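Chemist: Pasting a structure below so you can have a look.
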Amino acid sequence: MGTVVLGTGSCLPSRVLSNVDLEQIVDTSDEWIRTRTGIENRRIGGPGEKTYQIAARAASEALSMAGVTAADISLLIVGTISSHMLMPSCACFVQQEIGADNAFAYDVNAACSGFLYGLDIADKHIRADRQAKVLVIGAEALSSRLNWQDRNTCILFGDGAGAAVLGHVEDERRRILGTNHRSDGRLWQLLYMHQSPSTNPDLLVPDNPGVHIIMEGREVFKHAVKAMEDAVDGVLRATGMSIWDIDLLIPHQANIRILKKLMERLDIPEEKVILNVMHYGNTSAASIPIALDETNRAGLLQPGKTVLFCSFGGGFTWGATLLRW
Ligand code: ACO
């Protein structure tokens, strides 16, 4: 008896940018990118594919699967770090796009953990109001937040959106079993994105290099593996479960080497882990809900399945969520 996912959806921009295409943009190679990251392609948004527009399409799919109308939604959360405007929020743009007129809407800025933080908020909201229907979206247009001359970062990321509608069911087995979310602002310099410079010349930050992702890749790698391992251990301990009880792990799709290391540390077989990073790259807050929707539409999620999510991203933010589907 508790919060469950009633429907899922996703939207990927139509333009595919391959590693071979990237060879024309920066000094890199398909072979380097595949072996270091596992990524083969990523999607890039074009006209009509702003963050809120792809978010709204993912949301419409999720609503339709859930059999819930936009007007039924009481809370709308978007995890994003790449909305086309800082204000209003991406969530308010999605609200007007889909007509969720009875909702209150806001963004969660937690980088790659944005969707899982959103699920946590949704769960607490629904526990307080069992009639509530909550729409949680992860949506990114990271192609507009990259330095396309920096081969260390521009090869890693992609655009996309995924969504889930959550509500309460009376079935005792089905619910969010536990969450374990953390953040640590002390390590922000290892992965960050600048804001636009002020237009007041007296207040310009002299060293602001522009609005794009800056990253210490090797350090991020080490922290990502350790943090996700700890988050999973924590949620398993708190719920009295073991890794052998997990039917499916849907991790944030950062890169294949991080995920392989994580599987090794958690001792979970690859058949139980959903991987799609090769097709879409790292879509930050969108990566888990896109993978969730693909898994759901492939028929791999039936009531009673135990599903584990874990994420890590800029902030640093990280966490794990365990649910019985
Ligand atoms: N193509 C070719 N060569 C490259 C490229 C590229 N795209 N990028 C870097 N190199 C070069 C470097 O310049 C360096 O050359 P040098 O030895 O002559 O100096 C060499 O490759 C090795 O560079 P490293 O940065 O040490 O390579 P590393 O093996 O660490 O791989 C990578 C880099 C893939 C970024 C890795 O550190 C990583 O996966 N880090 C995690 C980052 C991540 O996933 N961030 C996403 C956000 S956080 C999250 O979602 C979890």
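Chemist: Does anything in the stretch 210-230 have its amide N under 13 Å from the 7 Å Cα→Cβ label point of residue 265, and if so which residues?
Modeler: Answer for this model: 219-230.
Chemist: Related question: If amide hydrogens are placed 1.01 Å from N in the peptide plane, which non-local residues have theirs closer than 5 Å to the one on residue 305?
Modeler: Correct list: 325.
Chemist: While we're here: What are the ³J(HN,Hα) couplings of the stretch 275-292, residue after residue, when phi is run through the Karplus curve with 6.51, -1.76, 1.60 and θ = phi - 60°? Round to Hz, x for glycine and proline.
Modeler: Coupling constants for the stretch 275-292: 10, 9, 4, 4, 8, 10, x, 8, 9, 6, 4, 7, 5, 5, x, 5, 5, 4 Hz.
Chemist: Looking at the chain, send over the antiparallel percent of its DSSP beta bridges, to the nearest 5.
Modeler: Details: 40 of 56 bridges.
If I count the DSSP bridges inside the chain, around 70 percent turn out antiparallel.
Chemist: Sticking with this structure for a sec: Compute, for the stretch 229-325, the length of the dipole vector about the Cα centre, with Cβ point charges of +1 (Lys, Arg) and -1 (Asp, Glu) only. Units Debye, rounded to 20. Write down the numbers at each step before the final one.
Modeler: Numbers: 9 positive and 11 negative charges, 23 e Å.
In debye, rounded to 20, the stretch 229-325 gives about 100.
Chemist: Just read off the accessible area of residue 125 with the full protein assembly in place, 1.4 Å probe, to the nearest 10 Å².
Modeler: Rounded to the nearest 10, that gives 50 Å².
Chemist: Next up: Expected output is a single nm value to one decimal: the length gained when fully extending between residue 21 and residue 151, i.e. 0.36 nm times separation in residues minus the C-alpha distance. What is it?
Modeler: Details: separation 130, 0.36 × 130 = 46.80 nm, distance 1.30 nm.
This chain segment gains 45.5 nm when fully extended.
Chemist: Let's see if you can work this out: charge +1 on each Lys and Arg Cβ, -1 on each Asp and Glu Cβ, no other charges. What is the dipole magnitude of the stretch 96-138 about its Cα centre, in debye to the nearest 20? Intermediate results must be reported in sequence, preceding the final value.
Modeler: Details: 4 positive and 6 negative charges, 44 e Å.
Computed charge dipole of the stretch 96-138: roughly 220 debye.
Chemist: For a quick check of understanding: with a 1.4 angstrom probe and all protein chains in place, what accessible area in square angstrom does residue 247 have, to the nearest ten?
Modeler: 60 Å²
Chemist: What's the magnitude of the charge dipole for the chain around its Cα centre, counting Lys and Arg as +1 and Asp and Glu as -1 at the beta-carbon? Answer in Debye, nearest 20. List each step's numbers first, then the result.
Modeler: Details: 30 positive and 37 negative charges, 91 e Å.
Roughly 440 debye, rounded to the nearest 20.
Chemist: A further question on this structure: Roughly what would the spin-label model give for residue 242 and residue 31, points 7 Å off Cα along C-beta, in nm?
Modeler: Taking the simple label geometry, residue 242 and residue 31 are separated by 4.4 nm.
Chemist: Ignoring the sites themselves, what is the longest stretch of the chain with no trypsin sites (Lys or Arg not before Pro) in a DSSP loop and at most 14 other beta-carbon atoms within 10 Å? Please list the in-between numbers first.
Modeler: On the way: sites that count: 130, 173.
Result, exposed sites excluded: 174-325.
Chemist: To continue, here is another question. Once the piece of chain linking residue 129 and residue 300 is laid out straight, how much longer is it, given 0.36 nm per residue of separation minus the C-alpha distance between them?
Modeler: Values: separation 171, 0.36 × 171 = 61.56 nm, distance 2.94 nm.
Taking residue 129 through residue 300 to full extension adds about 58.6 nm, to one decimal.
The values are calculated or read from the model by the stated rules, or taken from the named source; none is laboratory data. Just so we're clear, the structure is a prediction, and the values are computed from it rather than from any experiment. Virtual Cβ from ideal backbone geometry, glycine too; neighbours counted across all protein chains shown. Only protein heavy atoms, including side chains, enter the accessible area calculation; ligands, DNA and RNA are left aside. Shrake-Rupley method; radii C 1.70, N 1.55, O 1.52, S 1.80 Å.
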